[in-house]
Structures are given as structure tokens and as C-alpha cells.
1. Within region 208-220, identify whether any single residue is touching a Lys or Arg at 6+ places or on another chain (Cβ under 9 Å) and not aliphatic (A, V, I, L, M), and answer yes or no.
2. If ALA180 passes every condition in (1) touching a residue at least 40 places away in the same chain (Cβ under 8 Å); (2) under 17 Å from the mean Cα position of the chain (by Cα); (3) surrounded by fewer than 17 Cβ atoms within 10 Å (Cβ to Cβ) but one, which one does it miss?
3. Name the residues in region 52-68 that are buried (at least 21 other Cβ atoms within 10 Å of the Cβ), closer than 27 Å to TYR255 by Cα and out of contact with any Gly (no Cβ under 7 Å at 6 or more places or on another chain), would you?
4. In region 163-177, which residues are outside any strand (DSSP E or B) and either surrounded by 13 or more Cβ atoms within 10 Å (Cβ to Cβ) or in contact with a strand residue (DSSP E or B) (Cβ under 9 Å, 6 or more places away or on another chain) (or both)?
5. Determine whether LYS80 is at pLDDT 90 or above, surrounded by fewer than 21 Cβ atoms within 10 Å (Cβ to Cβ) and of a type in the set (Lys, Arg).
6. Just give me the residues in region 100-131 being surrounded by fewer than 24 Cβ atoms within 10 Å (Cβ to Cβ) and outside any strand (DSSP E or B), in sequence order.
7. Hey, among ASN218, ASN205, which residue is surrounded by 15 or more Cβ atoms within 10 Å (Cβ to Cβ), in contact with a Pro (Cβ under 9 Å, 6 or more places away or on another chain) and not small (Gly, Ala, Ser)?
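The values are calculated or read from the model by the stated rules, or taken from the named source; none is laboratory data. Only a predicted model underlies this, so the values are computations on that prediction, with no experimental measurement involved. FYI the Cβ positions are ideal-geometry reconstructions off the backbone, even for glycines, and counts take in every protein chain you see.
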Amino acid sequence: MLFSSLFSASLLASALALPSSKERFDARVARRAAGTHLSHPRISNGTDVQYSSNWAGGVLSAAGGTWKSVTATFTVPTPKEPAGASGTHAASVWVGIDGDTCGTAILQTGIDLYVSGTSVGFDAWYEWYPDYAYDFSGISFGPGDSVTVTVTASSKTTGTAVVTNNSRHQSVSKALSSSASLCEQDAEWIVEDFSESGGLVPFANFGTVTFTGASATNAAGGHVGPAGANAIDIEQNGQVLTSVQLGASTVTVTYV
């Protein structure tokens with residue numbers, strides 16, 4: 001997922017502390033294992049929860065393939081450095097098809113969050129793994145903005161990615177095709193600690209991200225919410241970093 005720096009004018013003076021566009025591009029190219037999150041089942045508060053080193057959110061899986069579109073709306077949070085930490089931290093918020101039980105291809109789109117000190121930055125991107133990820137231009141973000149993200153598979157090798165900033169009345173989309181076929185068996189609403197240079201980037205304290213209007217469309221045209229999805233939390237070095245709650249049309253991910 002190629003990067004472009006999109007900061008508000010009030011942050012430009014201090015934005016040099018954040019990674020450059022080239023550094024963000026390099027990080028995107030390095031994210032080839034983003035979907036293989038190496039989860040394992042656990043029990044938490046009477047609910048089956050899977051733990052992953054880099055994914056938190058909900059994954060709705062259907063054996064045999066059925067998902068044609070995944071969408072949700074969320075409010076852009078204000079990322080912060082974790083308590084006692086310094087330097088650049090990041091997180092990614094996205095929706096996607098496949099990458100969990102099917103790892104041969106992933107169609108996904110979303111935004112990245114960056115923080116370094118008091119400077120924050122945001123990028124919008126799309127990807128059809130295993131191809132590179134690319135940036136969207138012509139769209140900007142700020143904390144508190146309402147953003148809708150949607151991926152649609154018109155076939156197993158063609159589709160679209162759309163990111164809309166409802167608050168700023170900006171929308172971008174990209175028609176995609178790939179030689180890597182989707183299985184169409186995973187629908188995902190995810191907050192991710194992505195990888196760079198073979199390791200995970202320092203994870204930002206993103207507060208809470210709530211995907212609202214979260215829905216997956218199946219091949220029959222029916223809409224399914226995330227209530228029956230698998231809940232995934234991020235666990236690193238024996239410490240659980242997130243808390244996920246699933247609702248009829250919501251996936252709430254909280255940094256803990």
C-alpha cells in the first residue's frame with residue numbers, strides 16, 4: 001500500500017518528524033504477510049477470541065466462498081504514542097475480503113494512522129495482494145472525520161475499492177484486476193499493527209475505532225452483519241493490546 005502524506009495545514013510545521021512518503025511506500029511494499037496473522041483460539045469472558053500478533057477486529061468466514069462486498073463507516077481517531085513511549089507509531093484501519101482462512105489473495109482498502117509526538121498523519125490506500133499496495137490521492141483526513149470504506153468483488157479476479165470522507169465530501173475509488181483469485185470466504189473489519197522490514201511497526205494508541213454499518217454482502221445479495229464473526233485481539237509478548245466487541249452491525253476495537 002503505497003503512501004502519500006496527507007496532513008492538515010496546522011501540522012505541516014511539525015510533520016517532518018513523521019515518515020516521509022518514500023519511507024511509507026517502502027513500508028507498504030514490505031507488508032507482504034499482512035494477512036497471515038497467525039492467530040490461535042482462546043476463551044475470554046465466555047466468548048471465543050482468537051489472538052494475533054497484528055490483527056484486531058472481526059472476521060466472518062464462510063467455507064466455499066460467498067462474500068462479494070464488505071463495508072463499514074468509522075470515525076478517524078487521534079492516534080497517540082503509548083504511555084512511556086516515544087518515536088513514530090502507527091496503525092491501520094481497513095476492510096477486506098480474504099486473508100484469514102484464504103491467504104492466496106486479499107482485496108482490501110483503508111487508512112493508516114501515524115503519530116510522532118504531537119504530529120499526526122493519515123494515508124488512504126488500496127491493495128489486491130499479492131500485488132503491491134498503492135495510495136489514493138485527492139483525499140485528506142483529520143481526527144473526527146467520518147470515513148466509509150468498501151471493497152467489492154465483481155468476480156474473483158476483478159473488483160473495486162472505495163474510500164469516502166463523509167465529513168469533507170471527498171471520495172476516491174479504484175477498479176482493480178488481478179491474476180490472484182479471491183476465495184471470497186473471509187469478510188474482515190480490522191485494526192492492524194502492520195509490518196515493516198521484517199518486523200511490526202511500533203503500535204499506536206488509536207483509542208477506540210468503531211466500525212458502524214458493518215456489513216458483508218453474499219453472492220445471493222443478502223447482507224450479513226458481524227455478530228457471528230470471529231473476534232480477534234492483538235497479543236504481543238504475552239500482553240493483550242486490544243479489546244474487541246462485536247454487534248449486529250458494529251465492530252468496536254479498543255486499545256488497552
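1. Taking region 208-220 and keeping what is touching a Lys or Arg at 6+ places or on another chain (Cβ under 9 Å), we get 216-219.
Pick out the ones that are also not aliphatic (A, V, I, L, M) and you get 217-218.
Yes: region 208-220 contains one or more residues that are touching a Lys or Arg at 6+ places or on another chain (Cβ under 9 Å) and not aliphatic (A, V, I, L, M).
2. (2)
3. Correct list: SER52, ASN54, TRP55, ALA56, GLY57, GLY58, VAL59.
4. ASN166, SER167, ARG168
5. Values: at pLDDT 90 or above: yes; surrounded by fewer than 21 Cβ atoms within 10 Å (Cβ to Cβ): yes; of a type in the set (Lys, Arg): yes.
It is true that LYS80 is at pLDDT 90 or above, surrounded by fewer than 21 Cβ atoms within 10 Å (Cβ to Cβ) and of a type in the set (Lys, Arg).
6. Within region 100-131, THR101, CYS102, GLY103, THR104, ALA105, GLY117, THR118, PRO130, ASP131 meet the criteria.
7. ASN205
Yes/no per residue for (1) part of a strand (DSSP E or B); (2) modelled with pLDDT under 95:
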position	(1), (2)
SER179	no, no
GLU188	yes, no
PHE211	yes, no
THR217	yes, no
ALA220	no, yes
ALA227	no, yes
GLU235	yes, yes
